[in-house]
1. Only residues that are surrounded by 10 or more Cβ atoms within 10 Å (Cβ to Cβ) and more than 20 Å from the chain's Cα centre (by Cα): list them for the stretch 1-20, please.
2. Exactly one of these conditions fails for L16: (1) farther than 30 Å from G84 by Cα; (2) out of contact with any Phe, Trp or Tyr (no Cβ under 6 Å at 6 or more places or on another chain); (3) assigned to a helix (DSSP H, G or I). Give me its number.
3. Within the stretch 28-45, track down each residue that is β-branched (V, I, T) and surrounded by 13 or more Cβ atoms within 10 Å (Cβ to Cβ).
4. Of the numbered conditions (1) touching a residue at least 24 places away in the same chain (Cβ under 8 Å); (2) out of contact with any Lys or Arg (no Cβ under 6 Å at 6 or more places or on another chain), Y75 fails exactly one; give the number of that condition.
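Here, each number is a calculation from the coordinates, and none is a lab measurement. Predicted model only: the values in this text are computed from it and were never measured. Positions of Cβ are backbone-derived with ideal geometry, glycine not excepted, and every protein chain shown enters the neighbour counts.
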Amino acid sequence: MTQPPTIIVAPTKSILLSLVLTFFFGPLGMLYSTIWGAIVMAVLSIPAFIITLGHAAFLIWPVSMVWGAWAAHRYNERLLRRAGL
C-alpha cells in the first residue's frame, strides 16, 4: 500500500513588499527577507551614519533595497526548487 504524497505549504516572500519595507525602514526593513542581511547592514550603517553625519544613507538605503529584493527572490527560488517545480 502506498502513502499519498506529502504536501508542504509554505508562503513565498513578496519582492515588492521587501522593496517597500527597505525603502521606508532601510536595513531594518530587510528583516522581512533576510535576518542576517539586516543585521549586517544595521551594524555597518551605524558607524557609517556617525562618520558621515547621515550622508551614508544615500548608499546604505539602495544597497539594502537591492539586497532585500535579491534575498526574497532567492528564498522563492529555493522554495520552488524544493517543491520540484
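1. If the condition is that a residue be surrounded by 10 or more Cβ atoms within 10 Å (Cβ to Cβ) and more than 20 Å from the chain's Cα centre (by Cα), then no residue fits.
2. Among (1) farther than 30 Å from G84 by Cα; (2) out of contact with any Phe, Trp or Tyr (no Cβ under 6 Å at 6 or more places or on another chain); (3) assigned to a helix (DSSP H, G or I), the lone unmet condition for L16 is (1).
3. Step one: of the stretch 28-45, the residues β-branched (V, I, T) are 34-35, 39-40, 43.
T34, I39, V40 - these are the residues of the stretch 28-45 that are β-branched (V, I, T) and surrounded by 13 or more Cβ atoms within 10 Å (Cβ to Cβ).
4. The failed condition is (2).
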